[in-house]
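Peer 1: Following this message is one structure expressed as C-alpha cells.
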2 protein chains.
Amino acid sequence: MSFINLDRISFNPLLPEVKQVMIDAINSDMHNPSSQHKAGEQAAEKLAGARQQVADLVNAGNPKEIVFTSGGTESVNHAVKGAALANREKGGHIVTTNIEHNAVLRSLKRLSAQGFKVTSLSVDGSGRIDPKAVEDAITDNTILVSVMHSNNETGTIQPIEEIGAVTRRKKVLFHCDAVDSVGVVPMDVDRLNVDLLSFASNPFSGPTGVGGLYIRRGTRIFPLLEGGVQENNKRGGTENLIGILGMAKAAELAMQHMDERGQQTQALKDYLVKKLPEYIDEYIINTDLDHSLPNLLNISLKYIEGESVMLMLDEDDLAVSTKSACATGSLRASHVLLSLGLSHADAQGTLVVSWGSDHTRQDIDKFLDSLAGVVKTLRSMSPLYQKA
Amino acid sequence: MSFINLDRISFNPLLPEVKQVMIDAINSDMHNPSSQHKAGEQAAEKLAGARQQVADLVNAGNPKEIVFTSGGTESVNHAVKGAALANREKGGHIVTTNIEHNAVLRSLKRLSAQGFKVTSLSVDGSGRIDPKAVEDAITDNTILVSVMHSNNETGTIQPIEEIGAVTRRKKVLFHCDAVDSVGVVPMDVDRLNVDLLSFASNPFSGPTGVGGLYIRRGTRIFPLLEGGVQENNKRGGTENLIGILGMAKAAELAMQHMDERGQQTQALKDYLVKKLPEYIDEYIINTDLDHSLPNLLNISLKYIEGESVMLMLDEDDLAVSTKSACATGSLRASHVLLSLGLSHADAQGTLVVSWGSDHTRQDIDKFLDSLAGVVKTLRSMSPLYQKA
C-alpha cells in the first residue's frame with residue numbers, strides 16, 4: 001500500500017520543475033549576487049528574475065517591494081516587530097485576532113513585554129472576524145493591524161479586502177499573514193489594501209526555508225536581520241539563491257495553474273464533505289465552507305483524541321495532522337479551535353486533512369475507509385462515547 | 001582563459017559531495033520534521049543527524065546547543081539582540097570592537113536606540129583587540145561581550161580564548177561571530193569559553209542561506225524568529241532541510257580535511273606574500289600574518305582605487321573583492337581598515353583576495369601577473385601617483 005500524504009499543510013512535495021531548477025542551480029555554482037564582478041552580476045540577474053516572478057504572484061507593482069526571507073515565520077516576525085518598532089512614536093497600539101499563527105502571537109507577546117498594547121479580536125462561530133470590529137478597535141494610537149488571510153488549522157479565509165478598506169481609511173498599517181494562501185488562491189496586494197504581506201514558498205510546492213515579505217513602497221519598517229545591504233537594505237545576509245530560484249519557479253507554475261488546481265482541490269473538498277457522513281457520525285466541521293482554502297478541511301471527531309486517530313491512520317500509511325506542525329509537542333488544545341467556541345474535548349478530537357491537486361477521489365475514499373475503522377475502534381474504547 | 005575565483009570570501013562553490021547530498025534531499029521529498037507521523041519522524045531523524053555533525057564541528061557537548069538559522073546574519077542578530085533583550089534587567093551595557101561585521105554593528109545600533117549602552121573597543125595597528133582592554137571595559141552593568149573570531153575583510157584572528165577567559169571570570173555572556181572561521185580553522189566552544197557562537201555554512205563550502213548558532217546550555221536568550229516550537233523552541237519556522245543536510249555534509253568534510261586544507265591554503269598565502277614584491281610596489285598588507293585565516297589576504301595598493309583594480313581583473317576573468325560583499329554599493333571606505341589606522345585614500349585602494357585548497361600556485365601567478373599590469377595601467381593615470 002502506498003503512502004498517501006493528506007498532511008499537505010505541513011509539507012508539499014516539490015514539483016518536478018522546481019526540483020530541476022534547484023538542481024541546475026546547485027550545479028551551476030552561482031556566485032554571491034552582491035559581488036560586483038561578472039560572476040556576481042550573473043547571480044544578481046538570476047535573483048532579479050526570481051524577484052519579478054514572486055512580485056507577480058502577489059501583484060506587487062514593483063519587484064523591490066519583495067524581500068526574500070527564510071520562510072513565513074521570518075516574514076511575519078519582520079513585518080510585525082519591524083513595523084511596530086519603527087512606528088512606535090506614533091502610538092503603541094496594535095490590533096490583531098485570537099486565531100493568528102504563533103508567529104504573530106508570539107511576536108506580539110514580545111512587543112507587549114516592551115510596552116506595546118495589543119487588542120486581540122474574537123472570531124465568530126464560523127471563525128471569521130467582523131471588519132466592523134477591527135474598525136471599532138482602532139484608536140488614535142493604533143499603528144498596526146495584523147490579520148491572517150487563511151487560518152493554518154481551519155483554512156477559513158478572513159474578509160481581508162474589507163479590513164484593508166478600513167485600515168486604509170483609518171491610515172493604519174495593515175499586515176496580512178498569508179502564508180497558507182499565497183500561491184493557493186489569487187492574491188492581489190492592491191485589491192486587499194495591505195501594506196505588508198507575509199508568505200512562504202512551500203504552500204505552493206516550492207522549497208521550505210524560503211519565503212517572502214511584501215513591503216509596500218513607503219512603509220516605515222525596521223529590518224529584522226540587520227547587516228549587509230542585501231534585499232534593498234531591508235534584510236541582511238547572503239541570499240539562499242538555490243531556494244529562491246526554486247520558489248520563483250513554483251510561483252510561476254502557481255500562477256499558470258492556479259484556477260485548475262483550485263478547481264481540482266475544491267472538487268476533492270466537496271467530495272470529502274459529501275462523503276463524510278457515509279463513513280462517520282458525530283463530528284464537527286470547523287472550516288467555514290463558504291470562505292476557505294480549497295485544499296484543507298478541519299474536522300473534530302467527538303469522544304476521541306485526534307492524536308490517536310492520526311497515529312492509527314499513520315499505520316495505514318495515511319498522513320494527516322492534528323494541528324499546526326509548528327505546535328507539535330504541545331499538549332494544549334488548539335487556540336484556534338477554542339476561539340471558535342469548541343469545548344476542550346472536541347478540540348482534542350481534531351484532524352486537519354489537506355491535499356493537493358495531484359490527489360484523487362480514490363485517495364479520499366481510502367482515507368474515509370481507514371478513518372471509519374479507526375473511529376470505530378477508538379470509540380469502542382472511549383468511556384466518553386459509552387457515556388454518551 | 002578560464003575563470004579564477006579569488007573571491008572565496010564572498011562565495012565558495014559547493015563541494016561535489018555536498019551537491020549530491022542536496023540533490024538526493026531534493027529528490028527524496030522529505031516531510032516536515034515537526035510532523036508526528038512516520039514521514040515526519042524520518043525527516044526528524046535526518047535533521048538530528050545533521051545537528052550532531054554540526055555540533056561536532058564546533059565541539060558543542062550537546063547537539064541541542066545548535067540552532068539552525070538562515071545564515072551568519074541571522075545567527076548574529078539572534079545572538080546579539082536575543083541575549084541583550086533577555087538580560088536587560090541585569091544591566092544595559094555591551095562591549096564590542098569597532099571592526100565587527102555590520103550584522104553586529106547594526107544590531108548594536110538598534111539596541112542603542114532602545115537604551116542599551118555600547119562600548120566599542122579599538123584594535124591595535126595589527127587589527128587585534130587587547131583582552132586587557134575588554135577586561136577594563138566590563139562594568140557591573142555589562143551583560144554581553146561580542147568580538148568576532150576572524151575579520152571578514154582582513155582575515156585577522158582575535159585572541160578569543162583570552163577574551164573568553166576574561167568574560168568567564170567576570171561572569172558576562174560572550175558572543176563570538178565566527179562566520180568566516182568555523183569550518184576553516186579548528187573551533188572549540190569550550191576551549192574558547194564562548195556562550196554564543198555564530199557561523200554560516202558557505203565558508204566551508206556548504207550552501208548559502210544556512211547557518212548555525214551555538215547557544216551554550218543555560219544561556220538566557222530570546223528567539224529572534226518566534227512562532228513554532230522548532231529548534232528546541234529557540235527558532236520558529238519549518239527547517240530548510242535541504243540546505244541543512246548540505247551544511248552537515250560540508251561540516252563532516254571540513255572536519256575530515258581541515259588540517260590538509262589549512263596547510264594547502266596557508267602555503268598559497270605564504271607564496272602570495274612572498275611573490276607580491278616581485279610584481280608590485282607601494283602596497284600595504286592589512287592582514288596580521290601571524291594571526292589570521294590561511295585563505296585570505298587584504299592588500300591596499302597605494303594611489304589607486306581597489307574598485308578599478310577589481311573591475312580590470314574581472315576583464316581578465318579573475319574575481320576578487322574590495323570589501324565585504326555585504327557592503328556592496330556603499331562608497332564609504334571600510335570601517336575595518338580605517339580602524340587599523342589606514343588613510344581614506346589607502347583604504348580605498350584595497351583588495352581582498354581569498355582562495356580555497358583547490359587553487360594552485362598557477363592561479364596565484366596568473367593573479368599576480370594580471371595585477372601587475374592593472375596596477376601599472378592605473379598608476380600611469382593616477383594624479384596621486386604622479387605627485388608622489
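Each reported figure results from applying straightforward, stated rules to the coordinates on display, with no laboratory input. All values derive from a computational prediction rather than experimental measurement. With ideal geometry, Cβ positions are generated from the backbone for all residues, glycine too; neighbour counts draw on all protein chains shown.
Peer 1: Once fully extended, how much extra length lies between residue B:117 and residue B:90, figured as 0.36 nm per residue of separation less the alpha-carbon to alpha-carbon distance?
Peer 2: Extending this stretch completely gives an extra 8.4 nm.
Peer 1: Follow-up. Calculate how many DSSP beta bridges within the protein assembly as shown are antiparallel, expressed in % of all such bridges and rounded to the nearest 5.
Peer 2: 50
Peer 1: May I pose another question? Assuming R0 = 22 Å, what is the FRET efficiency of residue A:344 and residue A:109, from their Cβ-Cβ distance, to the nearest 0.05?
Peer 2: Calculated transfer efficiency: 0.50.
Peer 1: Sticking with this one: Given R₀ = 22 Å, FRET efficiency for residue A:255-residue B:29 by Cβ-Cβ distance, to 0.05?
Peer 2: Rounded to the nearest 0.05, the efficiency is 0.45.
Peer 1: Output wanted: per-residue J couplings in Hz (rounded whole) for region A:40-51, from phi through Karplus 6.51 cos²θ - 1.76 cosθ + 1.60, θ = phi - 60°, x for Gly and Pro.
Peer 2: Result, ordered by residue: x, 5, 5, 5, 5, 5, 4, 5, 5, x, 5, 5 Hz.
Peer 1: Right, another one. Grab region B:16-253 and count how many Lys pairs have their alpha-carbon atoms under 16 Å apart, sequence gap of 8 or more, or different chains.
Peer 2: Lysine pairs, 8 or more places apart or on different chains, close enough: 15.
Peer 1: To the nearest Å, what is the center-to-center distance of region B:103-169 and region B:362-383, using C-alpha atoms only?
Peer 2: 37
Peer 1: A further question follows. Would you kindly derive the ³J(HN,Hα) couplings of region B:119-135 from the backbone phi angles with the Karplus curve 6.51 cos²θ - 1.76 cosθ + 1.60 (θ = phi - 60°), listing them in order in whole Hz, with x for Gly and Pro?
Peer 2: Karplus values, whole Hz, x for Gly and Pro: 9, 10, 7, 8, 8, 7, x, 8, x, 10, 9, 8, x, 5, 5, 5, 4.
Peer 1: Check the straight Cα-Cα distances from residue B:274 and name the lysines below 24 Å, setting aside those fewer than 8 residues away within the same chain.
Peer 2: Filter leaves B:302, B:323, B:366, B:376.
Peer 1: Using only Cα atoms, tell me the angle between helix B:160-170 and the longest principal axis of chain B; keep it within 0 to 90° and round to the nearest 10.
Peer 2: Computed tilt is about 40 degrees.
Peer 1: What does the net charge come to around residue B:213 if you take all other residues with beta carbon closer than 10 Å to its beta carbon, with K and R at +1 and D and E at -1?
Peer 2: Counting the neighbours of residue B:213, the net charge comes to -1.
Peer 1: Could I ask something else about it? Taking every pair of alpha-carbon atoms in chain A, what share in percent sits in each 20 Å bin, from 0 to the bin with the longest distance?
Peer 2: 28, 55, 17, 0
Peer 1: Determine the gain in length on full extension of the stretch residue A:2-residue A:311; use 0.36 nm per residue of separation and subtract their C-alpha separation, reporting nm with one decimal. Kindly include the intermediate steps, with their values, before the conclusion.
Peer 2: Values: separation 309, 0.36 × 309 = 111.24 nm, distance 1.65 nm.
Net length gain for the segment: 109.6 nm.
Peer 1: May I pose another question? Efficiency by 1/(1 + (r/R0)^6): what FRET value for residue A:289 and residue A:45, r their Cβ-Cβ distance, R0 = 51 Å, to the nearest 0.05?
Peer 2: 0.70
Peer 1: Here's another thing I want to ask about it. Would you kindly give the portion of the calculated P(r) for region A:15-164 that falls above 26 Å, as a percent of all Cα pairs?
Peer 2: When every Cα pair of region A:15-164 is considered, 42 percent fall beyond 26 Å.
Peer 1: What does the charge add up to near residue B:340, with Lys and Arg as +1, Asp and Glu as -1, over the other residues with Cβ less than 11 Å from its Cβ? Don't skip to the end; give the middle numbers.
Peer 2: Working: positive: B:128; negative: B:124, B:153, B:288, B:346.
For residues surrounding residue B:340, the net value is -3.
Peer 1: Continuing with the same structure: So what J values fall out for region A:27-34 if you push phi through Karplus, 6.51 cos²θ - 1.76 cosθ + 1.60 with θ = phi - 60°, rounded to Hz, Gly and Pro as x?
Peer 2: Those phi angles translate into 7, 9, 6, 5, 7, 6, x, 7 Hz.
Peer 1: Compute the signed sum of charges (Lys and Arg +1, Asp and Glu -1) over the other residues within less than 14 Å, Cβ to Cβ, of residue B:117. If you can, show how the numbers build up before the last one.
Peer 2: Working: positive: B:88, B:90, B:109, B:110; negative: B:140.
Summing Lys and Arg as +1 and Asp and Glu as -1 gives +3.
Peer 1: Would you kindly calculate the translational diffusion coefficient of region A:202-345, applying Stokes-Einstein with the Kirkwood radius from alpha carbon pairs, for 10 °C and a viscosity of 1.306 mPa s, and quote it in µm² s⁻¹ without decimals?
Peer 2: 84
Peer 1: Would you pull out the residues with amide H under 5 Å of residue A:292's amide H, same chain only if 5 or more places away, H placed 1.01 Å from N?
Peer 2: A:157
Peer 1: If you don't mind, there's one more thing I want to ask. Taking a point 7 Å out from Cα toward Cβ as the label site, list the nm distances between residue A:358 and the same residue in every other copy, smallest first.
Peer 2: Label-point distances to the other copies, shortest first: 3.2 nm.
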